[in-house]
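Accompanying notes for the structure given below.
The values are calculated or read from the model by the stated rules, or taken from the named source; none is laboratory data. Computed from a predicted model, the values in this text were never measured in an experiment. Neighbour counts run over all protein chains shown; Cβ positions are idealised from the backbone, glycine included. To get the accessible areas, we keep the full protein, side chains included, count just its heavy atoms, and leave off ligands, DNA and RNA. Shrake-Rupley method; radii C 1.70, N 1.55, O 1.52, S 1.80 Å.
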Amino acid sequence: MPSLPVTRPAGAFLAASPSGRDLLLLSLAFMAVYLPLDWLTFIHPRPSLNITPWNPPAGLFMALLLWTGARGLPVVYVTLVVADLVVRGHPASVGSLLLSNLAIVAGYGVAAHVLRRRVAIDPALERVRDVGWLVGVAFLSAAAVAPVFVGIFVLDGAIAAADLPQLAFQYWLGDAIGIAVMTPFLLILHQPGRTPAWRLPKPPSAAQTAATAAALLVVFLPVGDGRFNLFYVLFLPLVWVAVSHGLPGAVLTALAIQSGLIAGLQLIGFPLHAVVYHQTLMLALAITALFLGALVSERHRVEARLREHQAELAHIARLAVTGEMASALAHELNQPLLAAISYTRAAQRVLEGCEVPPRAHELIDKAVAQAERAGEVIRGLRTFLGKGSPQLVPEPAAGIAREAVALVRADAAYNRVQLRLDMAEPLPDVLADRIQIEQILLNLIHNSIEAIAAADSPVREVVLRVRSAPSEGVTFEVEDSGPGVPADMVDRLYSPFATTKPAGMGLGLPICRSIVESHGGRLWLSRNSGPGAAAQGAQFRMFLPAA
């Protein structure tokens, strides 16, 4: 039996992995950005090795590995080696150059693998859990890489063994703060598999930006015996932005504060030990920003889902009332329909023996047939609303299709729409309530005709295709040349009261799908036109099992 399209579960980096072309573009962009960023942000201690208390390139390659997985490891390794040669001149041996960068790639490659496959955090960091895993795994990886990285240079003789603990901490601090500040910003900026893939976070308001700048200025004021003893003033604008804008705003503000702090430290020429001290404070500030912003964003999403749930409950209540009204209406309409049938048959008997054109008898016969059909539809509706089982009997699929096309052909001609039936006979019988299935086909074809007429499409055609399905059944396809289903309606097609028609109630497709599923079949949107689509229009498919 055909299955409905499967949507990828939100929250898996693996499901959002870029294609080969996107991987190439990401790799080229990474190499083009990494070298200038490394040169601009490297704080030059002695010896001139990649051991610094502020290392945003670490956040850059961590984001790339989260996007690409193991496929990005060669690009990261080559770029790190080139950066060491170009930016720092790398005074140690070639062996230590290659081994140290191999340690970096191996350590962070394992971290990316854990986050992508084992934990499967959301690429957009939409939960506090995702932020916690990112911070925990990345910081542990940095703690594992740091002593190995520095130890390689100790063995090479470029660093004294006594300096290993201090330099390892300095390396860990630089990578940890680089990842805490840069990686979340990049993950929010670029989300492969989503539309649009690149999305700049909404910047804070002018007042919040001014407050952040003022806090940075206050931090650099010489107060008391030393400087920077007002560092914690920076928490005030950060908390304000995080509460207002959630994680995207908090990440953007943390990046701005970090950039301003490093620029100020470099401008006034503070010694390296002072930079390390204040970078430790900045790490606490960045972690606070991440968790506070994630908490606010998650709360906003929970509130939005709660509002959607309340709206769904209201829809269900309206649907229940609608069902009761429809049941009562079906009961009331059944009586006048029976009376109309009786009167029409009586008129037939009165006209017998009279000189009446044969056409009159034919029209009266058709009127009786359609009135009886309306009665069957109403009886089926009462059964459906009363949760009764449909009367399923073997019916010829070809006959159902021909009858549906015959009933709707006049409507198609009125709207200047070409209606075509395409069947590959012989077709098996299907187990169905004939009237209900014909009504579903009528509903789908009517929807296509109305969409074409409303959009005034240049190509005006609706095709009903009927094919034997390989899984012992029959597939009915209604394909049109209209504008297709609006993108914002695709996920709500079968929700009660969701409609694009000015006078529509939004109950047709939900009822149709319920009827088809009660037959043991499926109804789904198999193709829909969109930007850049090769074919115009929509295509609905209905599968029914063979008798």
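How about the stretch 399-497: which trypsin sites (Lys or Arg not before Pro) there are in a DSSP loop, with at most 14 other Cβ atoms within 10 Å of their Cβ? Can you show the working numbers first?
Numbers: sites: 402, 409, 416, 420, 434, 460, 465, 467, 492; in loops: 416, 460.
Here the sparse-neighbourhood loop sites are 416.
With a 1.4 Å probe and every protein chain kept in, tell me what percent of the accessible surface of the stretch 139-204 is carbon plus sulfur.
About 70 percent, which is the carbon plus sulfur part of the accessible surface.
Run the 1.4 Å probe and let me know the accessible area of residue 366, rounded to the nearest 10 Å².
Roughly 110 Å² of residue 366 is accessible to a 1.4 Å probe.
Let me check I've understood the local charge: for residue 396, count other residues with C-beta under 11 angstrom from its C-beta, Lys and Arg +1, Asp and Glu -1. What total comes out?
Local charge sum for residue 396: -2.
In what sequence, largest accessible area first, do 84, 411, 365, 491 appear using a 1.4 Å probe?
The ranking, largest first, comes out as 491, 365, 411, 84.
Quick one: ranking 67, 198 by accessible area, 1.4 Å probe, largest first, what do you get?
From most accessible down to least: 198, 67.
Fully extended, how many nm does the chain gain between residue 221 and residue 356 (0.36 nm per residue separation, minus their Cα-Cα distance)?
Gain on stretching residue 221 to residue 356: 37.9 nm.
How high is the FRET efficiency from residue 270 to residue 85, r the C-beta distance, R0 25 Å, rounded to 0.05?
0.30
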